[in-house]
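Everything on this sheet refers to the single structure shown next.
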Amino acid sequence: MSDRCTENKSLVNPNLPNHFQLFLFSKDPEIVRTAIAAGVDGIIVDWENQGKKLRQENFDTQINYDTYDDLCRVREATPEGKLICRINGFSHEHTHEEVELALRAGADEIFLPMVQTVSEARDTLQMIGGRAGFNILIETISALDCMAELSKLPLRRAYIGLNDLHIQQNSRNIFVPLMNETVTDIRRHFEIPLGAGGVTYPPNGMPIASKYLINEYARLGIDFSFLRRTFIKDHATHSMEHMVHHIRKAYDEARNRSQEEAHADFQAFREQVERWTTNPHHA
């Protein structure tokens, strides 16, 4: 048995990437071109906003209002195979229209958020009809309850939404799934690329420095993560190429830790989370 922190699953599972993948949320073609040149794996244009303001009220989350025109503009700046559109959660009223619009604008993959049932995912998959890759966000209690069935669908990738899962479970903080068996159980079900959370330049990040999160992603077998507002903010003082390089370097180093080193880093992560959670200014 290896004394390394995790097996390199990419050596035995061709469905998994051979490096830590990074997907940037942006509707700015100039930023998109810079990110692609820096080695970012894909771009996400975000249409999800229906019901989001209400359900994430009093939480420090990012809500985007990207449009069809934004997706078209980003398509022109993005190489083939690298453009993803996150549509709104499933609805018999609007999902078919959103799928068709995303495909018309040239999306290579479509993310369906807030999946509640297998039928929602299956119906969306049928709407896409093989014209783009199909991904889901696992961020509801209902999705956790039907993981075995969801994992059998022909998905391109799946992503664990820590913010909405935290709200749904009424947990102490958004990092609980990384510390209990939740992510481990999800990883056990899905043999496709699995993502979680977000990252930025490893020394930076709030409320927990990105380096601690990267350590846990490596330990848990997370294959990709999102680059969002903190990453863009850090771009003011660091080049994207520099940040992408150091994020992947930190992940690779974390994958090569001994079991003892991984355990020590996990304890350090727990201590960081506990200090933040018990801080009187923590919301």
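The residue that is surrounded by the most Cβ atoms within 10 Å (Cβ to Cβ), counting only those in region 199-219 that are hydrophobic (A, V, I, L, M, F, W, C) and assigned to a helix (DSSP H, G or I), is ILE214. If you filter region 220-249 down to residues that are out of contact with any strand residue (DSSP E or B) (no Cβ under 9 Å at 6 or more places or on another chain) and closer than 18 Å to PRO207 by Cβ, you find that the one that is surrounded by the fewest Cβ atoms within 10 Å (Cβ to Cβ) is LYS233.
Number of residues in region 237-268 that are within 22 Å of ASN180 (Cβ to Cβ) and touching an Asp or Glu at 6+ places or on another chain (Cβ under 6 Å): the value is 1. When region 190-207 is limited to residues that are of a type in the set (A, V, I, L, M, F, W, C) and modelled with pLDDT of 95 or more, the one that is farthest from LEU153 (Cα to Cα) turns out to be VAL199. Screening region 125-198 for strands (runs of 3 or more DSSP E) wholly inside it with 1 or more residues that are of a type in the set (Val, Ile, Thr) and buried (at least 22 other Cβ atoms within 10 Å of the Cβ) returns the ranges 133-138, 157-160. Annotation note: of ARG255, ARG270, ARG275, the sole residue that is loosely packed, with under 13 Cβ neighbours inside 10 Å and of a type in the set (Lys, Arg) is ARG275.
Of all residues in region 88-124, those satisfying the criterion of being part of a loop (DSSP other than H, G, I, E, B) and farther than 19 Å from CYS72 by Cα are GLY89, PHE90, SER91, HIS92, GLU93, HIS94, PRO113, MET114, VAL115, GLN116, THR117.
Within the span defined as region 265-280, one or more residues are outside any helix (DSSP H, G or I), over 17 Å from THR200 (Cβ atoms) and at pLDDT below 95. When region 99-126 is filtered for residues that are out of contact with any strand residue (DSSP E or B) (no Cβ under 9 Å at 6 or more places or on another chain) and of a type in the set (A, V, I, L, M, F, W, C), only VAL118 remains. Filtering region 251-269 for residues that are in contact with a Ser or Thr (Cβ under 6 Å, 6 or more places away or on another chain) and charged (D, E, K, R) leaves a non-empty set.
The values are calculated or read from the model by the stated rules, or taken from the named source; none is laboratory data. Keep in mind the model is a prediction, meaning the values are calculated, not measured. Ideal geometry is used to build each Cβ from the backbone, glycine not excepted, and the neighbour counts take in all protein chains shown.
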